[in-house]
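Participant: Before I ask anything, here is the structure I am working with.
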Amino acid sequence: MLLAAHWTGDVDPVAFTIGGKDIAWYGIIITLAMLTGLIVAVLRGKKHNLVIDDFVEIFLLAIPLAIIGARLGYVMVRPEYFPSPFTWDDFVEVIAVWDGGLTIMTGVPFGILGGAIWCKIRKVNLLDLADIIIPVVLLSQGLGRWGNFMNQEIFGAAITNPAWQWFPAAVYITRLGGFYQALFFYEMVMDIAFFAAMMIIQRHLKLRGSGLLMYAFSYGLIRFIMEFFRDDGEIYAVFNYTQLICALVFVASAAVLITLIVLKVKKGEKIWYGKGGIPDDAQVKLNPYHRPAKKEGNAE
């Protein structure tokens, strides 16, 4: 009875109700996490001559596609979402992102697709844009994990030793009546730590594609590690296909990144700037609205 009173188990996934419809904390937190990422991306984009209008356009293209991809990735591997006969109510359950259930691994590629569409329209190099935005995704993912906390998701093995039954080592899962490893918090810390590391590296490393590759390495490694601990009924307790994919992703991304660095160094290109970081005049400028005008030549 005392355990049930622990504050981590006394959470209500519903923030408030409007017109008889429950609004979940999960949706609110995910939205705030995305807005935070947008703000950070705008601040990062200033060095590259991007303005807020650019990011609003990208946001309006990439975020809806990312949500669709993340939801598809979640429901497509869960047959219970597709009963026979399939009714309208079942369809609503499939698209009910507000109730939780998103898979980041399928959401990010769809988000990149949105960015690619914007780059095609504005004639901007996708890798240059990805180097600015993709690392910020890791920050948003970390903050968004608090939505999993409100839904009592993403936890590990049971913790039976009273000495470790405290947050953030553990969370109380009400439906299971006990303390479990607070994996959502562990992942949040790793996401933000890797994001900070990427910000430091990118301040000095000028290499097209480095942001995308470092993100792939970071999140692939994080998920690979986390899969060993998840025991919430969603993930197998043994080595699984998700871990295999994650292992391939972080190994391949590291190999490509190292290869690119070696090739650039062998060519004598400067890719690392020491104290002070990359100077402004060496930054890649992307803004399609403010490109320098072409010099007019004599008519032939």
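The values are calculated or read from the model by the stated rules, or taken from the named source; none is laboratory data. Fair warning: this is a prediction, and the values are worked out from it, not measured in the lab. Neighbour counts run over all protein chains shown; Cβ positions are idealised from the backbone, glycine included.
Participant: Looking at segment 141-167, which of its residues are surrounded by fewer than 17 Cβ atoms within 10 Å (Cβ to Cβ) and not in a helix (DSSP H, G or I)?
Facilitator: Taking segment 141-167 and keeping what is surrounded by fewer than 17 Cβ atoms within 10 Å (Cβ to Cβ), we get 157-158, 160-164, 166-167.
Result: ALA157, ALA158, THR160, ASN161, TRP166, PHE167.
Participant: Hey, another quick one. Consider segment 228-255. How many of its residues are basic (Lys, Arg) and either modelled with pLDDT of 85 or more or in a helix (DSSP H, G or I) (or both)?
Facilitator: Matching residues across segment 228-255 total 0.
Participant: With respect to the numbered conditions (1) aliphatic (A, V, I, L, M); (2) surrounded by fewer than 15 Cβ atoms within 10 Å (Cβ to Cβ); (3) in contact (Cβ under 8 Å) with a residue 12 or more places away in the chain, which one is the sole condition not fulfilled by LEU35?
Facilitator: All conditions pass for LEU35, except number (3).
Participant: All but one of (1) in contact with a Gly (Cβ under 9 Å, 6 or more places away or on another chain); (2) under 30 Å from TYR172 (Cβ atoms); (3) β-branched (Val, Ile, Thr) hold for ILE154, so report the exception by its number.
Facilitator: Condition (1) is where ILE154 drops out.
Participant: Take ARG223 and decide whether it is modelled with pLDDT under 95, part of a helix (DSSP H, G or I) and of a type in the set (D, E, K, R).
Facilitator: The answer is yes for ARG223.
Participant: Anything in segment 257-276 that is surrounded by 10 or more Cβ atoms within 10 Å (Cβ to Cβ), free of Cβ contacts under 8 Å to residues at least 40 places away in the same chain and farther than 12 Å from SER210 by Cα? List them, or say none.
Facilitator: Selection gives VAL262, LEU263, VAL265, GLU269.
Participant: Here's something else I'd like to know. Of the residues MET214, MET188, only one is surrounded by 16 or more Cβ atoms within 10 Å (Cβ to Cβ), among the aliphatic types (A, V, I, L, M), more than 19 Å from SER253 (Cα to Cα) and touching a helix residue (DSSP H, G or I) at 6+ places or on another chain (Cβ under 6 Å); which?
Facilitator: After ruling out the rest, the residue left standing is MET188.
Participant: Filter segment 168-185 for residues that are surrounded by 15 or more Cβ atoms within 10 Å (Cβ to Cβ), free of Cβ contacts under 8 Å to residues at least 40 places away in the same chain and part of a helix (DSSP H, G or I) and give the result.
Facilitator: PHE184, the sole residue that qualifies.
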